[in-house]
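Presented below is the structure to which this report refers.
The values are calculated or read from the model by the stated rules, or taken from the named source; none is laboratory data. Not measured: the values here are computed from a predicted model. Here the Cβ positions follow ideal geometry from the backbone for every residue, glycine too, while neighbour counts run over all protein chains shown. In case anyone asks, the SASA skips ligands and DNA or RNA and just uses the protein heavy atoms, side chains included. Shrake-Rupley method; radii C 1.70, N 1.55, O 1.52, S 1.80 Å.
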Amino acid sequence: MGSSPGRPRAVDAESRLARAAVEIYGRDGWAGLSIATVAQRSQMGKSSVYLRWETKGDLLVHALERYGAHVEDVDTGSLRSDLVELSLNLLAAFDGSSGLANRRLQVDAAIVPELKEVEQRMRDSQVAAARRIIRRGVDRGEVASDAPIGLLLNAICGGVINHSSTNPADESERDSAEARHFAERLVDLVLRGLD
């Protein structure tokens, strides 16, 4: 029996590397992210990174597509409940270890070509999901068809992002009861403004 050289192959290597890339990018930004820092943070060799991605840009794009600010379309049967869930999804995206990375991405996409496309895809996906929620509310008669959909979504999404920025959750998940209370109050305030 021969022994194989090098480190044993990690089953969760891709996940560990992607998570490390998001954490480093969130903390240190684009300039602080490197193949070496990701390998060190994930306790893996640089060759493990290069086997999967050619550049730090390729790695970060993959990592953000996996752990970035993904907002799912939610259909609970009620506009208010859907908007509360949307708000909770956004709070989760901008809190915790990936929250800083998601905030940085919004700025860096304008100056780092490798990040522009992933940021645009994530933003388009979020906007499409949010608009579907409002359209279903219109179809169910819960909101007027001439309601200012863009303004409504800007108020909710902007309120969530501002709350997350001014009340950071210190790298951990926000308390779920606190998050729900905030989301419900925000959505109620915005929906009252439509009356």
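Contact map, segment 43-59: first residue within 12 Å of Ala21 (Cα to Cα), second residue open to solvent by 70 Å² or more (accessible area, probe 1.4 Å) and part of a helix (DSSP H, G or I), Cβ cut-off under 7 Å, separation 6 or more or different chains; pairs are Gly57/Glu114.
Each residue in segment 28-40 was checked for being touching an Asp or Glu at 6+ places or on another chain (Cβ under 9 Å) and open to solvent by 10 Å² or more (accessible area, probe 1.4 Å), and 2 pass. The one condition from (1) under 16 Å from Ser125 (Cα atoms); (2) in contact with a Gly (Cβ under 9 Å, 6 or more places away or on another chain) that Leu100 does not meet is (1). Within the set Arg132, Arg192, the sole residue that is within 20 Å of the chain's Cα centre (by Cα) and among the basic types (Lys, Arg) turns out to be Arg132. Every test in (1) within 17 Å of the chain's Cα centre (by Cα); (2) open to solvent by less than 50 Å² (accessible area, probe 1.4 Å); (3) touching a residue at least 40 places away in the same chain (Cβ under 8 Å) is passed by Ile24 save one, and that test is (3).
A count restricted to segment 128-168 and to residues that are of a type outside the set (A, V, I, L, M, F, W, C), outside any helix (DSSP H, G or I) and surrounded by 12 or more Cβ atoms within 10 Å (Cβ to Cβ) stands at 4.
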